[in-house]
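Below: one structure, written as structure tokens.
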Amino acid sequence: LTIDSGREPPFMRAKLVSRVLDFDDLAGFIGATPQTGQGETASAAQKKAAREGEQGGRILPDMPIDLDRLKAMNMDVDFTGAEIKAPNLPLERLHAALKLDKGVLTFQPLEFGVADGEIGGTLVLDGRQSLPHVKADLLLRGISLKPFFAETRMADFTSGRFGGRITLVGDGRSLADVLGTSNGQTTVAMTGGSLSPLLVELI
């Protein structure tokens, strides 16, 4: 990791590798709070924020995006999580190239290993205006369906792999606002598998 404080704003370049990444620790990137139960390392402030979030009943985090922080430093960061600890999700690995330039945050590529497959693409957060603008273009490849239902009664009746594409564009001061205003398209295709009738009913 290097930081050049002679520039305005300062510039940071880093290459970071985590052998085992606790996915819960990435919650802050989307304005969410980490888990606060037994064995977790949440601070007092994080525990307070988690309690307030539970009382508010919001599923998506509504913490405002800090525009001043986006403009405080430019960055070029390559991050790899070789293994991901995510008990409730079939996540396996993460690789992201993060660039922050004058308030524009770009993840390209943003790659997750998921259920023996991959989700990869580009995510851009433009914070140059008072209302942040977000664009996402993600491809889903060869993802196994069964691990998503491992602890449910649908597991024995669901198999196969699926892929697709997600494109979204939205504006907002928080993740909840962005998704609430976003437009886009989701396409999913599956071959050589089967779906539980219960899952079809839920959909």
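FYI, it's all coordinate maths here, none of it is from the lab. Note that the structure is a prediction, hence the values are computed from the model and not measured. Glycine gets a Cβ as well: all are built from the backbone with ideal geometry, and neighbour counts include every protein chain shown.
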What residue among Ile166, Gln129, Leu195 has its Cα farthest toward the positive end of the dipole of the range 64-203, where the charges are +1 on Lys, Arg and -1 on Asp, Glu, each on the Cβ?
Gln129
How would the range 50-183 be classified by its alpha-carbon gyration tensor: rounded, prolate or oblate, with rounded meaning a/c under 1.5 and the a/b versus b/c comparison settling the rest?
prolate
To make sure I understand the rule: partners must be aspartates and glutamates, Cα under 17 Å from the Cα of Lys102, and not fewer than 8 residues away in the same chain. Which ones qualify?
Asp4, Glu8, Asp66, Asp68, Asp76, Asp126
What Kirkwood hydrodynamic radius, in Å, does the range 112-172 give when the mean of 1/r is taken over all pairs of distinct Cα atoms and then inverted?
13.5 Å
Residues of type aspartates and glutamates that Lys146 reaches as a straight line, Cα spacing below 18 Å, ignoring anything fewer than 8 places off in the same chain:
Glu92, Asp116, Glu118, Asp156, Glu201
How high is the relative contact order of the range 96-203, in percent, counting Cα pairs under 8 Å that sit 6 or more residues apart?
19 percent
Long-range amide H contacts for Asp22: which residues qualify at under 5 Å (H placed 1.01 Å from N, peptide plane, sequence gap of 5 or more or a different chain)?
Lys85
So for the range 74-151, using the alpha carbon gyration tensor with a ≥ b ≥ c as root eigenvalues (a/c under 1.5 gives rounded; past that, a/b versus b/c decides prolate or oblate), I'd call it prolate
If we restrict to alpha carbons, what Rg and Dmax does the range 145-197 come to, in Å?
15.5, 42
Run the simple label-point estimate for Asp116 and Glu8 please: 7 Å along Cα→C-beta, distance reported in nm.
5.7 nm
Length gained when the stretch Val169-Met63 is fully extended (0.36 nm per residue, less Cα-Cα span):
36.2 nm
Which ³J(HN,Hα) values in Hz, rounded to whole numbers, follow from the phi angles of the range 63-75 under the Karplus curve 6.51 cos²θ - 1.76 cosθ + 1.60, where θ = phi - 60° and Gly and Pro get x?
5, x, 5, 7, 5, 4, 5, 5, 9, 6, 7, 9, 9
